[in-house]
Protein chains: 2
Amino acid sequence: MKPGEALKCWHDVNMYMVHDEQPDLSVRQMAILLTIYLEAPPHTVRGLAKRLGVTKPVITRALNTMGRHDLVDRRRDENDRRNVLVQRTVTGALYLEKLADLIAEKAR
Amino acid sequence: MKPGEALKCWHDVNMYMVHDEQPDLSVRQMAILLTIYLEAPPHTVRGLAKRLGVTKPVITRALNTMGRHDLVDRRRDENDRRNVLVQRTVTGALYLEKLADLIAEKAR
DNA sequence: ACACATCGTTTCGGATGCGTATCATCTTTG
DNA sequence: CAAAGATGATACGCATCCGAAACGATGTGT
């Protein structure tokens with residue numbers, strides 16, 4: 001894939017997101033969501049903050065927002081009740097599945 | 001390209017943007033920037049607003065923000081001085097060139 | 001038990017973005 | 001020329017997000 005084609009694909013997907021997207025996910029929120037769904041669990045607030053190079057409140061707020069849209073879920077870690085385990089949801093999986101199909105289609 | 005690969009590529013690029021990006025461009029700003037650089041000029045505020053399906057102030061504000069970072073430039077249309085012609089800059093072209101290379105690399 | 005460390009959340013002041021409504025400027029029309 | 005239309009910018013109130021700091025809850029070590 002050539003850089004020019006890559007940019008056009010990126011543009012197409014961004015345009016789709018601007019038009020369609022119900023909740024307007026920021027780049028950071030998208031990065032968090034994808035990390036949760038693509039990388040191996042468990043996912044904690046601290047871990048995600050370190051992975052993305054942002055502060056903890058950023059993660060907390062993003063989880064609040066995405067949780068409101070049922071894209072992610074939170075649960076206490078019963079082994080160490082200080083931790084919060086971030087978990088996937090059906091809604092989130094469907095959302096990313098749709099996005100994946102869109103990107104794959106535009107990448108052609 | 002399969003959906004799973006597409007999503008991973010998307011993730012990689014988003015992660016890079018969160019880590020590196022000096023100005024944190026939103027999805028809308030990115031869509032505007034790419035429209036300016038990929039689609040045929042002339043680009044006006046009204047035209048961009050219609051193209052993206054957002055209101056005019058959204059475009060004005062995005063141009064302010066991106067103009068501060070020298071990613072775009074504005075100029076009066078001398079034929080019809082009501083219009084503002086949005087123009088590309090060297091900084092913006094370099095920025096997108098780097099992004100294009102990154103996407104193309106991650107898409108492999 | 002007690003002090004200390006760790007984790008997630010909340011608070012604070014400030015910055016930015018949003019849509020609606022309005023404004024200033026310029027152009028076209030009668 | 002005056003009125004109407006078009007265009008981009010601005011004012012307003014609201015919502016969200018940011019990082020730093022403080023906080024409550026939980027775990028660890030002595």
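Structure data summary
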read-out: Filter result for the condition that a residue is at pLDDT 95 or above, among the β-branched types (Val, Ile, Thr) and near DNA strand C (Cβ under 7 Å from one of its atoms), over A:59, A:36; value: A:59
read-out: Tally, over the range A:56-73, of residues that are more than 13 Å from residue A:92 (Cα to Cα) and charged (D, E, K, R); value: 2
read-out: In the range B:18-53, the residues that are at the interface with another protein chain (Cβ under 10 Å from one of its Cβ atoms) and within 26 Å of residue B:78 (Cα to Cα); value: B:32, B:33, B:34, B:35, B:37, B:38, B:39, B:51, B:52
read-out: Matching option when the condition is near DNA strand C (Cβ under 9 Å from one of its atoms), among the basic types (Lys, Arg) and surrounded by 15 or more Cβ atoms within 10 Å (Cβ to Cβ), among B:68, B:28, B:51, B:82; value: B:28
read-out: Any hit, the range B:93-105, residues being within 27 Å of residue B:10 (Cβ to Cβ), out of contact with any helix residue (DSSP H, G or I) (no Cβ under 6 Å at 6 or more places or on another chain) and of a type in the set (Ser, Thr, Tyr); value: yes
read-out: The lone exception for residue A:66 - which of (1) among the hydrophobic types (A, V, I, L, M, F, W, C); (2) at pLDDT 95 or above; (3) touching a strand residue (DSSP E or B) at 6+ places or on another chain (Cβ under 6 Å) it fails; value: (2)
read-out: Among residues of the range B:85-108, those that are facing another protein chain (nearest Cβ under 8 Å) and either among the small types (Gly, Ala, Ser) or in contact with a Gly (Cβ under 6 Å, 6 or more places away or on another chain) (or both), counted; value: 3
read-out: Restricting the range B:1-17 to residues that are closer than 15 Å to residue A:13 by Cβ and charged (D, E, K, R), the residue that is farthest from the other protein chains (Cβ to nearest Cβ); value: B:12
read-out: Check on residue B:35, within 9 Å of DNA strand D (Cβ to nearest atom) and polar (S, T, N, Q); value: no
read-out: Tally of residues being β-branched (Val, Ile, Thr) and within 22 Å of residue B:37 (Cβ to Cβ) across the range A:9-50; value: 3
read-out: Enumerated helices (runs of 4 or more DSSP H) restricted to the range B:14-108, each holding at least 3 residues that are more than 13 Å from the chain's Cα centre (by Cα), farther than 27 Å from residue A:31 by Cβ and of a type outside the set (Ser, Thr, Tyr); value: B:45-52
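The values are calculated or read from the model by the stated rules, or taken from the named source; none is laboratory data. Bear in mind that the values here come from a model prediction, so they are computed numbers and not experimental data. In this analysis, Cβ positions are derived from the backbone assuming ideal geometry, glycine residues included, and neighbour counts consider all displayed protein chains.
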